[in-house]
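As structure tokens, the structure follows; a few thoughts come after it.
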Amino acid sequence: MHRHLYPFERFPRNPILTREDIPYPCNAVFNAAACRYEGQYVLLLRVEDLKGHSHFTLARSMDGIHFEVDPEPWITPATDPPFEIYERYGVEDPRITRIGDDYYITYTAYGPHGPRVAIGVTRDFRGFKRICLATEVDNKDAVLFPEKIDGRYVLINRPGGMGGTRGSIWISYSPDLIYWGRSRVLFSPGPGWGNHKLGASTPPVKTDEGWLVLYHGIRETAGGRLYRIGVMLLDLKNPELIVGVCPHFIFGPEEPYERTGDVPNVVFPCGWVAEPDGTVKVYYGAADTCIGLAEAHLADLISACRREG
Ligand code: BMA
């Protein structure tokens, strides 16, 4: 592969997790959040049960490759108001952002009114407290910045895009993680590989040159949708400014486990872990069926954002 065009290298023994690794019956395991906690790699797996509803189960690893999955689900759809009705069909696509000692989990709450963004928090990956439903429905793909900017929490999210309409990436602010506003469009679909919808994939990673964010772009084709990954760099002080964006996708479905599954031709990262040696491990859902691992050098991702297009 051309490393300058496609900076990610797949782990050769992908997929690293399939439903066979889940200790209870389920349909699929895919889009997972990732972080480091107490010296271990932690994945928060989206597991789809046999009814077709999703919940979250924890998996831990010493090396970031071999994961041990908890015997039981950790976060299941809420049973009490106000969350119950909005999570009735499941919780999906988690992302984890550490701020101080707190690990915030942004996820899609899915119910009869449609998908909306929810936020919860844990300190120990045992207790979990729901904080709020941050947006109205028809919104997903929310990632929280790992620090406040100008005294406010910052959230990227994706309103719109349901029912076949185009979906853009937006940015919103909050003084307290509960009330979100000052929302504005950050990046919209254009002609080409992400012509239909865009959405943030991984929480921003701080680099000297800006906030690095992976995002997915959906191309609608005669053969169905293609989910592929792009990368952008946002200004450290004003994340509404896009410092650079790679003109082409940097990762897309190629391998059989990405091409074939419940939803073909999907790679869908929700989490990554930056390593001290300047590399990053990205965990991605493949074809809504299993989980793959790929690695890249942060410097290559940054230089991809500087590419002319
Ligand atoms: C998106 C999300 C993801 C899923 C993808 C492909 O809209 O719902 O959970 O992986 O579609 O089906």
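Could you run through the range 223-241 and say how many residues are part of a strand (DSSP E or B) and surrounded by 16 or more Cβ atoms within 10 Å (Cβ to Cβ)?
Residues that pass the stated criteria total 9.
So which residues in the range 1-55 are open to solvent by 50 Å² or more (accessible area, probe 1.4 Å), under 22 Å from Tyr104 (Cα atoms) and in contact (Cβ under 8 Å) with a residue 60 or more places away in the chain, if there are any at all?
If the condition is that a residue be open to solvent by 50 Å² or more (accessible area, probe 1.4 Å), under 22 Å from Tyr104 (Cα atoms) and in contact (Cβ under 8 Å) with a residue 60 or more places away in the chain, then Arg36 is the only one that fits.
Filter the range 259-292 down to residues that are among the charged types (D, E, K, R) and assigned to a loop (DSSP other than H, G, I, E, B) and give me whichever is farthest from the ligand (Cβ to nearest atom).
Ranking the candidates gives Asp277 first.
All but one of (1) open to solvent by 10 Å² or more (accessible area, probe 1.4 Å); (2) in a loop (DSSP other than H, G, I, E, B) hold for Glu220; which doesn't?
For Glu220, the exception is condition (2).
Name the pairs whose Cβ atoms lie under 6 Å apart, with the first residue in the range 123-148 and within 16 Å of the ligand (Cβ to nearest atom), the second among the hydroxyl-bearing types (Ser, Thr, Tyr) and at pLDDT 95 or above, and 6 or more positions between them or separate chains?
Filtered contacts from the range 123-148: Lys140/Thr108; Ala142/Thr106.
Can you tell me which residue in the range 150-167 is farthest from the ligand (Cβ to nearest atom), limited to those that are modelled with pLDDT of 95 or more and open to solvent by less than 20 Å² (accessible area, probe 1.4 Å)?
Per the criteria, the residue is Val154.
If Thr202 satisfies all but one of (1) surrounded by fewer than 19 Cβ atoms within 10 Å (Cβ to Cβ); (2) within 16 Å of the ligand (Cβ to nearest atom), what's the number of the condition it fails?
(1)
The values are calculated or read from the model by the stated rules, or taken from the named source; none is laboratory data. Bear in mind that the values here come from a model prediction, so they are computed numbers and not experimental data. Here Cβ is always computed from backbone atoms with ideal geometry, including for glycine, and neighbour counts include all displayed protein chains. For accessibility, only protein heavy atoms count, side chains too; no ligands or nucleic acids. Shrake-Rupley method; radii C 1.70, N 1.55, O 1.52, S 1.80 Å.
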